[in-house]
Each structure stands twice: as structure tokens, then as C-alpha cells.
1. Per 0.36 nm of contour for each residue apart, how much would the distance between Ser136 and Asn113 grow if the chain were fully extended, relative to their Cα-Cα spacing?
2. Kindly rank 72-83, 100-111, 119-130 from highest to lowest mean number of other beta carbons found within 10 Å of each residue.
3. Using a probe radius of 1.4 Å on heavy atoms only, what accessible surface per residue do you get for segment 89-141? Whole Å² is fine.
4. Enter the Cα centre distance for the pair segment 113-141 and segment 20-71, rounded to the nearest angstrom.
5. What FRET efficiency comes out for the pair Arg105/Asn30, r = Cβ-Cβ distance, R0 = 30 Å, nearest 0.05?
6. Quote the FRET efficiency, to the nearest 0.05, computed for Ala93 versus Arg46 with a Förster distance R0 of 41 Å and r equal to the Cβ-Cβ distance.
7. Over segment 70-139, consider all pairs of different Cα atoms and compute the Kirkwood hydrodynamic radius from their mean reciprocal separation; express it in Å, one decimal.
8. Ignoring ligands, DNA and RNA, what percent of the 1.4 Å accessible area of segment 35-141 is carbon and sulfur?
Amino acid sequence: RRSWARARGGTRGIGDRGLNTSLTDYLEVNVDALATEVTRQMEDERPELFRRYRDRSGGSGKDPAEWCREDTAFHLRHLAAALDSGDSEEFEAYRSWLVGLLGARGIPVDDINANFKAIGDVLTARLGDEGRPAVSVLRSR
């Protein structure tokens, strides 16, 4: 298995946080915590988004925050795989597929982009410059 750090020619840690792991491994190990943090941040910054989906569901089914957390975890896993492969086009293909899938369900691309932005913000807050490769992939279009 080729990790992001090994692919770049080293086994760098994540900043000064004492984590002896690659960015890919960090994402994989922390996917649930990151997804939860991203969802909370989005709920704080964009409550109207969650209200809109709650109103649309009529109170039936899962809470939109739970859908957001699950989707964010999927996004993070695909991001980790793209970083692991060293091929950012892998994530671009995922993004295109996702836009089509969620668009067919009435979810606009702006909401998807807001989630990717929140993922990037959380990674930047947690990892600083060490998260830059992931943030770069998230924000490329």
C-alpha cells in the first residue's frame, strides 16, 4: 500500500502534533471524528441548509445532520484514496459522480461545495500546512 507520505519520498508526521503517520492514514483513522466536526461546523455556519432539508423531509427519515455526517465520511474516504494513489483526478471523478447522483435527488452543487469547503476548513484548522495536499484536492475543480 502506497501512502501519501511515502509517495512523496518520506514518512513525514502531521505537524508538531506528534502523530507519526501520513496524511492518508490520518484521514482514515480519524474519519468519524472529522465527519462529526465538519457536520457541526456546517450546522453552526449554515443552519438554513439543515432547516431546508428538515423541511423538505417533512420530519420523516434520518435527520439531515446524520445524512451530512455519513456523506462527509464517504467524501473523506474517497479523498484518502485519491491521496493514497497520488492521483487527484480520482477525486475529481468521484466529485463528478457525486454531483450527478445528488443532483438527481435535488441537492444542488453549491451544497456539495459547501461540504467540501467545510472539510477543507476543518483539515486546515487541525493540520495547518500538513493538510494542504488534501485541501488542494478538495478545492480543485
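1. Values: separation 23, 0.36 × 23 = 8.28 nm, distance 1.33 nm.
So the chain would gain 6.9 nm between Ser136 and Asn113.
2. Details: 72-83: 21.0, 100-111: 11.4, 119-130: 18.3.
Those peptides, ordered most packed to least, come out 72-83, 119-130, 100-111.
3. Working: 2600 Å² over 53 residues.
Per residue, segment 89-141 has an accessible area of 49 Å².
4. Between the Cα centre of segment 113-141 and that of segment 20-71, the gap is 15 Å.
5. On the way: r = 28 Å, r/R0 = 0.93.
Efficiency at R0 = 30 Å is approximately 0.60.
6. Values: r = 27 Å, r/R0 = 0.65.
E(calc), rounded to 0.05, equals 0.95.
7. Working: mean 1/r = 0.0814 Å⁻¹.
Taking the inverse mean of 1/r over all distinct Cα pairs, segment 70-139 comes out at 12.3 Å.
8. Values: 2890 of 5560 Å².
Of all accessible area on segment 35-141, carbon and sulfur atoms account for 52 percent.
The values are calculated or read from the model by the stated rules, or taken from the named source; none is laboratory data. Treat the numbers as computed from the prediction; the structure is a model and nothing was measured. A quick note on method: Cβ atoms are made from the backbone with ideal geometry, for glycine too, and the neighbour counts reach across all protein chains shown. Note: areas computed on protein heavy atoms with side chains; ligands, DNA, RNA excluded. Shrake-Rupley method; radii C 1.70, N 1.55, O 1.52, S 1.80 Å.
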